[in-house]
Amino acid sequence: MSLLTITARDATTGPVLEIAGDLDYDQAPRLRQAVTTLGLEPGQRLVLDLSRMQFCDSSGITALIAARTHAVAAQADIALAAVPDNTIRILRIVGLDRVFTIHPDLDTATTHRDADSRLQP
């Protein structure tokens with residue numbers, strides 16, 4: 001088990017949360033709390049950088065959905081960057097790859113504006 005670390009920083013598109021370690025039952029509430037303390041503004045994009053995430057269980061997936069709900073409520077966009085293969089597989093199986101905008105890396109997620117911003121609830 002790897003302790004979850006969440007590092008916040010700003011990009012030109014909006015806040016970025018870099019998530020490292022295990023996003024599991026014990027740690028998922030920390031992501032929820034980190035997201036709700038962000039001051040998202042309409043039109044910004046919240047980017048969750050998952051490049052250093054080692055494990056994600058169903059509680060972690062639920063925390064990602066909660067982050068999306070928070071972004072939509074703020075009239076902001078959300079994108080996932082550098083999603084590990086095992087997590088992208090789960091997102092595809094449950095259809096969340098059609099709900100989240102997914103980018104191959106952080107640089108693309110913080111510079112690219114999508115035609116389909118997927119802001120609908």
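Just so you know, all these numbers are worked out from the coordinates, no wet-lab data involved. It should be emphasised that the depicted structure is a prediction, and the values quoted were computed from it without experimental measurement. Quick reminder, even Gly has a Cβ in these numbers, built from the backbone with ideal geometry, and neighbours come from all protein chains shown.
The table below gives the values:
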read-out: Around Leu31: net Lys/Arg minus Asp/Glu count, Cβ-Cβ under 15 Å; value: -2
read-out: Mean separation of Cα contacts under 8 Å (6+ apart) over length of the chain, as relative contact order %; value: 25 percent
read-out: Per-residue ³J(HN,Hα) for segment 26-37, Karplus 6.51 cos²θ - 1.76 cosθ + 1.60, θ = phi - 60°, Hz, x for Gly and Pro; value: 6, 9, 4, x, 5, 5, 4, 5, 4, 5, 5, 8
read-out: Cα-centred dipole magnitude for the chain, charges only on beta-carbon of K, R (+1) and D, E (-1), debye, nearest 20; value: 220 debye
read-out: Label-point separation, Arg30 to Asp85 (7 Å along Cα→Cβ), nm; value: 2.7 nm
read-out: Residues of segment 20-42 with amide N under 19 Å of the 7 Å Cα→Cβ point at Ser51; value: 20-23
read-out: 3J(HN,Hα) from dihedral phi, segment 74-91, Karplus parametrisation 6.51/-1.76/1.60, rounded to Hz, x for glycine, proline; value: 8, 6, 10, 9, 9, 9, 9, 10, 6, 6, x, 3, 5, 7, 4, 4, 5, 4
read-out: Built amide H within the under 5 Å cut-off of Ala81, gap 5+; value: Leu48, Asp49, Leu50, His103
read-out: Nonlocal amide H pairs with Met53, under 5 Å, H built at 1.01 Å; value: Gly21
read-out: Among 95-102, 67-74, the order from most to least packed when residues are scored by Cβ within 10 Å on average; value: 67-74, 95-102
read-out: Helix-derived mean residue ellipticity, 222 nm - over the chain, DSSP H n ≥ 4, -39500 (n - 2.57), to 500; value: -9500 deg cm²/dmol
read-out: Added length on full extension, which subtracts the Cα-Cα distance from 0.36 nm per residue, Ala73 to Asp10; value: 20.7 nm
read-out: Of all DSSP beta bridges in segment 5-111, antiparallel share, percent nearest 5; value: 30 percent
read-out: Phi-based couplings in Hz for segment 9-20 (Karplus 6.51, -1.76, 1.60; Gly and Pro marked x); value: 8, 9, 10, 4, 8, x, x, 10, 10, 8, 10, 10
read-out: Helix 58-73 axis, angle to the chain major axis (alpha carbon atoms, nearest 10°); value: 20 degrees
